[in-house]
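These notes are about the structure you will find just below.
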Amino acid sequence: MINEKPYDNKLQEIRSKQSLIFPVAFVSLIWLIKTLEWGLDLDFYQLGIFPLQSKGLLGIITSPLIHSDFEHLIANTIPIFALSWGIFYFYRPLAFRIVLYCLFTTNILLWLGGREAWHIGASGLVYAFASFLFFSGLFRNYYKLIAISFVVAFLYGGLFWGIFPVLKDVSWEGHGLATKMWTIS
């Protein structure tokens, strides 16, 4: 988190705007990819993760960019935007490392331990970001970050149910691995 300085409206405004760069870019990219896929009548699911097979290795990087349909994309858009903004706003010096850690750790664990199926979507990142913001606030014992922990728990507490194999076509493994990652770090 940026060092505490006297409150400055202009500084806060700049910080807020800069914190929007990654979320806007990432959300724009996943919408562009889905629109191209739909417009060209293609299916990019092979860019997902297929556990323990070389054909699924590229998905460690690309799977968060691919979504099964617009409903799946919409379900990930608001959480990925809000949570990544929180990471870039409150953890600016560490933000890119946090994103890369979440991406690689979650997806490598999914590649190593997921069921034999294609796993796509940004849900793993959503779960990892929510877990990071929740646990980091508690572990750092800093009142502003603890407040963010409670906001995340209130807004995204329902994500908890996604770590269980309730829906056949949902990669609950990616959700669970992303959540567990921050409890053991």
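Could you give each residue of the range 96-104 its phi-based ³J(HN,Hα) in whole Hz, using Karplus coefficients 6.51, -1.76, 1.60 with θ = phi - 60°, and x for Gly or Pro?
5, 5, 4, 4, 5, 4, 4, 4, 6
Could you tell me how many cubic angstrom of Cα convex hull volume the range 41-102 has per residue?
Roughly 91 Å³ of hull volume per residue.
Amide H to amide H, which residues 5 or more places from Ile66 or on other chains are under 5 Å from it, using H placed in the peptide plane?
Distant-sequence amide H within range of Ile66: Gly121.
Per residue of the range 136-142, what does 6.51 cos²θ - 1.76 cosθ + 1.60 with θ = phi - 60° give for ³J(HN,Hα)? Whole Hz please, x for Gly and Pro, Karplus curve as stated.
Computed from phi, the couplings for the range 136-142 are 5, x, 5, 5, 7, 6, 10 Hz.
Taking 22 Å as R0, compute the FRET efficiency from the Cβ-Cβ separation of Ser28 and Ile61 and round it to 0.05.
That pair, Ser28 with Ile61, gives E of 0.75.
So if I take the centroid of the Cα atoms in the range 21-72 and the same for the range 98-145, what is the distance between those two points in Å?
With the range 21-72 and the range 98-145 each reduced to a Cα centre, they are spaced 17 Å.
Work out how much length Phe154 to Leu42 would gain on full extension: take 0.36 nm times their residue separation and subtract the Cα-Cα distance, in nm to one decimal.
Result for the pair: 36.5 nm of gain on full extension.
Counting only protein chains, not ligands or nucleic acids, how are Glu71, Glu37 ordered by accessible area (probe 1.4 Å), most first?
Values: Glu71 145, Glu37 5 Å².
Ranked from most to least accessible, the order is Glu71, Glu37.
What chymotrypsin sites (Phe, Trp or Tyr not before Pro) does the range 7-116 have in DSSP loop regions with at most 14 other beta carbons within 10 Å?
Passing both the DSSP loop test and the Cβ count: Tyr7.
Quick one: which residues, 5 or more positions from Leu57 or on another chain, have an amide H under 5 Å from its amide H? H modelled 1.01 Å from N in the peptide plane, none for Pro or chain starts.
Amide H neighbours of Leu57, under 5 Å, 5+ apart: Phe50.
Place a point 7 Å from the Cα of Arg92 along the Cα-to-Cβ direction; which residues of the range 107-138 have their backbone N under 20 Å from it?
Answer for this model: 133, 137.
The values are calculated or read from the model by the stated rules, or taken from the named source; none is laboratory data. Because the structure is predicted, anything quoted here is derived from the model rather than measured. Please note: Cβ atoms are built from the backbone with ideal geometry, for glycine as well, and neighbour counts cover all protein chains shown. Protein only, heavy atoms only, side chains kept; ligands, DNA and RNA dropped before computing areas. Shrake-Rupley method; radii C 1.70, N 1.55, O 1.52, S 1.80 Å.
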